[in-house]
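Novice: First, the structure itself, so that you have it in front of you.
Every read-out reported here was derived from the displayed coordinates using simple, explicitly stated rules and does not represent laboratory data. Since the structure is predicted, the reported quantities are computational estimates derived from the model, not experimental observations. Here the Cβ positions follow ideal geometry from the backbone for every residue, glycine too, while neighbour counts run over all protein chains shown.
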Amino acid sequence: YALPCSRPNGNILFLGDSIVQGAFVSSPSAAWTEHVAAAWNMEVYNWAVSGSIMSSDIAHFTCCCKPACVWIAYGVNDFNANISLVKFHRIAQNFLSTVTDRSNASVFLQTPIPRLERNPINKNGDSLEDFRCVLREVGSIFPSVITVEGEELLDAKPDCFSDSLHPNDVGAAMIAQRIIQKEELWP
């Protein structure tokens with residue numbers, strides 16, 4: 001017979017790009033988001049979409065599932081799309097303002113994870129680290145937002161990636177494990 005499942009501690013809403021979506025892992029259950037939600041005993045709403053850039057449009061929907069936590073991870077595609085840092089700052093600030101105004105959820109803002117290509121520069125001459133800095137700065141404006149350093153979550157080693165950007169099963173497990181080990185993040 002099956003043991004009864006415990007009631008979840010609420011919903012966790014993940015917003016982001018293909019890395020958050022779990023692209024390139026072997027199955028949906030191998031995505032790092034699933035492991036984090038399971039450890040935190042939360043029901044998963046993963047609204048991440050491959051190719052997504054940060055847009056305040058999606059932030060308006062954060063109240064729909066009444067999340068206890070919102071995990072936000074953008075920046076890689078914004079970098080790749082050559083969005084100016086000034087524009088990215090404005091978008092990120094509007095995004096976080098909308099999320100924090102519409103929800104009483106714990107809000108986590110993750111900076112981009114490392115890539116195998118070290119220190120890439122886009123057509124504007126901006127680095128991925130510049131985008132991380134914008135997210136850190138914007139996150140610090142909102143007292144209820146906890147910024148999570150993406151570079152601390154994954155080693156930039158080939159065995160963690162399916163390509164130069166997307167974590168494979170090993171990388172996804174590492175991300176999940178490192179988030180779960182950070183007790184200060186637990187809701």
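Novice: What's the exposure ranking of Asp126, Asp78, Asp17, going from fewest to most Cβ atoms within 10 Å?
Specialist: Sorted ascending by nearby Cβ count, the order is Asp126, Asp17, Asp78.
Novice: Right, another one. Just to be sure I follow the definition: excluding the sites themselves, where is the longest run in the chain that has none of the GluC sites (Glu not before Pro) in a DSSP loop with at most 16 other Cβ atoms within 10 Å? Intermediate values should be presented prior to the final figure.
Specialist: Values: sites that count: Glu117, Glu149.
It runs 1-116.
Novice: Where in the stretch 170-187 does the amide nitrogen come within less than 15 Å of the point 7 Å from the Cα of Asn41, taken along Cα to Cβ?
Specialist: What the label zone holds, given the 15 Å backbone N cut-off, is 186-187.
Novice: Nearest 500 deg cm²/dmol is fine: what mean residue ellipticity at 222 nm does the chain get from its DSSP H runs of n ≥ 4 alone, each adding -39,500 (n - 2.57), divided by its residue count? Display every interim value, and only then the final one.
Specialist: Values: 7 runs with 66 residues, N = 187.
Per the formula, -10000 deg cm²/dmol.
Novice: Kindly put Ile146, Ile72, Ile179 in sequence by how many other C-beta atoms sit within 10 Å of each C-beta, fewest to most.
Specialist: Ile146, Ile179, Ile72
Novice: Which far-off residues, 5 or more places away or on another chain, put their amide H under 5 Å from the one on Leu109, with H placed in the peptide plane?
Specialist: Ile72, Ile146, Thr147, Val148
Novice: OK, next. Residues in the stretch 61-81, backbone N under 17 Å from the label point at Asp101 (7 Å along the Cα-to-beta-carbon vector): list them, ranges by number please.
Specialist: Zone members listed by number: 61-64.
Novice: Let me ask something else about it. Arrange Trp32, Trp186 by Cβ neighbour counts within 10 Å, fewest through most, would you?
Specialist: Starting with the residue having the fewest Cβ neighbours, the order is Trp186, Trp32.
Novice: What are the extents of the Cα atoms of the chain along their three principal axes, listed from largest to smallest and rounded to whole Å?
Specialist: Cα extents, longest axis first: 59, 40, 26 Å.
Novice: Turning to a different aspect of this structure: For the stretch 64-164, place one equal point scatterer on every Cα, skip the solvent, and apply the Debye formula. What is log10 of I(q)/I(0) at q = 0.13 Å⁻¹?
Specialist: Computed log10 I(q)/I(0) values: -0.49.
Novice: Assign one of three labels to the stretch 1-100, namely rounded, prolate or oblate, based on the Cα gyration tensor with a ≥ b ≥ c the square roots of its eigenvalues; rounded applies when a/c is under 1.5, prolate when it is not and a/b is larger than b/c, and oblate otherwise.
Specialist: oblate
Novice: Here's another thing I want to ask about it. PRE reach from Leu85 (point 7 Å along Cα→Cβ): which of the stretch 97-123 fall under 17 Å by backbone N?
Specialist: So the set is 111-112, 119-123.
Novice: Which of these, Gly125, Gly150, Gly16, has the largest mean-square fluctuation under a Gaussian network model of the chain (Cα springs below 10 Å)?
Specialist: Result: Gly125 has the largest fluctuation of those listed.
Novice: Based on DSSP, what percent of beta bridges with both residues in the chain are antiparallel, to the nearest 5? Walk me through the numbers before you get to the answer.
Specialist: Details: 2 of 20 bridges.
Restricted to the chain, the bridges split so that about 10 percent are antiparallel.
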